[in-house]
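Each remark here refers to the structure printed beneath this line.
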Amino acid sequence: MATDIAFAVAVLAAVGSRVPLGARLFLLTLAIVDDLGAIALIAVFYTQGLSLQWLAGATGMLLFAWVLQRRRVRATVVFVVLGVCCWFMLHESGVHSTIAGVAFGFLTPAWSLLPPQQYPGVANRLVGEVSERTGDGVLTHDEHALNHGTLREIGRLSMETQAPLDRLEYRLAPWAGFVIIPVFAFANAGLAIPQVSPAVWLADPVVLGVGLGLVVGKTIGVFGAAWLAVRAGWARMPAGMTDLHLLGVAMCAGVGFTVALFVANLAFSTPGLVESAKLGIMIGSAVAGVLGYLTLRLFSRPA
């Protein structure tokens, strides 16, 4: 676990118009759910020395944030402070603190205070007030003060037409994409190639287990579960997506990197086993990406 969104989507982008939009959306959704599953797995299976007091405090932070969300509190800084406190308490409780990010992702308000369709009418009315005060070419001290308040109100409404979750995502995306993820990847991807023949380290059980889990296990799991769900009538295939598209996307889902390296560092305490796991992740991800690309390229027609 889990599917690396950036690399998996890059494989689909390389295939081009042969992949329908529905297949791309399916992969994105799968990768997000996959990340959530990996974080839940980390929280459950890599928790050591559980402290109920700290865990109760973290739960209290989550409940407080939920109450503020229901009361329609909009100040982003409040949720940031609560999130940092929750992260620290989870860290001290023994539960892996990454779960705090998932929880606050769900708790951060995802709706705007002012519906976007109402914004033009409200903004035009406020702009009209400013125009009336400056229409005679003379701006008195009182009119200047009124304009200052009106312009601030326009700015506040412009901001509140976006949901806090959207604003945070927009502000954090460059930092996450160009700073945090590259630093995380480089810090965890240090790989020492064994000084033996490839036949020896390819037969290593950890390398094989991780590599086959990504290439074979992920393909069978994703394709099999989705195929059965469609055949049983529990779900339907996205528009334009066929079983071959599903198979290719399931193979691309085996491209794991950042979270997979993170789990490997938690799962193994012996340095040699960590290196074997990293080698399995690299090989498995490369093979899964190539197989997914070839399947979509060779067996799909351009749109």
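Quick notes
- Rounded to whole Hz, the Karplus (6.51, -1.76, 1.60) HN-Hα couplings of the stretch 257-272, x for glycine and proline: 9, 4, 5, 4, 5, 4, 5, 4, 5, 7, 6, 10, 9, 7, x, x
- Cα-based radius of gyration of the stretch 124-265 once divided by 2.2 N^0.38 Å, which approximates compact folds: 1.96
- Cα-projected label distance for A235 with R72, points at 7 Å along beta-carbon direction, nm: 3.6
- Among the chymotrypsin sites (Phe, Trp or Tyr not before Pro) within the stretch 138-192, not one is in coil by DSSP while having at most 16 neighbouring Cβ atoms inside 10 Å.
- Between 0 and 90°, nearest 10: helix 98-107 axis offset from the chain longest Cα axis: 40
- Computing Rg/Rh (Cα atoms, Kirkwood Rh) directly from the structure and comparing it against (i) 1.10; (ii) 0.95; (iii) 1.00 singles out (i).
- Sites counted here are trypsin sites (Lys or Arg not before Pro) in a DSSP loop (not H, G, I, E or B) having no more than 11 other Cβ atoms within 10 Å; the longest part of the chain that contains none of them is 73-235.
- Angle between the chain longest axis and helix 164-175 axis [Cα atoms, degrees, rounded to 10]: 60
- Helix 141-160 axis versus longest C-alpha principal axis of the chain: approximately 20°, rounded to the nearest ten.
- Value of relative contact order over the chain, rounded to a whole percent, pairs C-alpha under 8 Å and six or more apart: 29
- Bins of 5 Å from zero: percent of alpha-carbon pairs in the stretch 116-162: 5, 22, 29, 20, 13, 8, 3, 0
- A simple rule links phi to the HN-Hα coupling: the Karplus curve 6.51 cos²θ - 1.76 cosθ + 1.60 with θ = phi - 60°, which for the stretch 232-248 gives 7, x, 7, 8, 10, 6, x, 4, x, 9, 10, 4, 5, 4, 4, 5, x Hz, with x for Gly and Pro.
Values quoted throughout were computed directly from the atomic coordinates according to the rules given, and no laboratory measurement underlies them. Small disclaimer: the values here were computed from a predicted structure and weren't measured. Glycine gets a Cβ as well: all are built from the backbone with ideal geometry, and neighbour counts include every protein chain shown.
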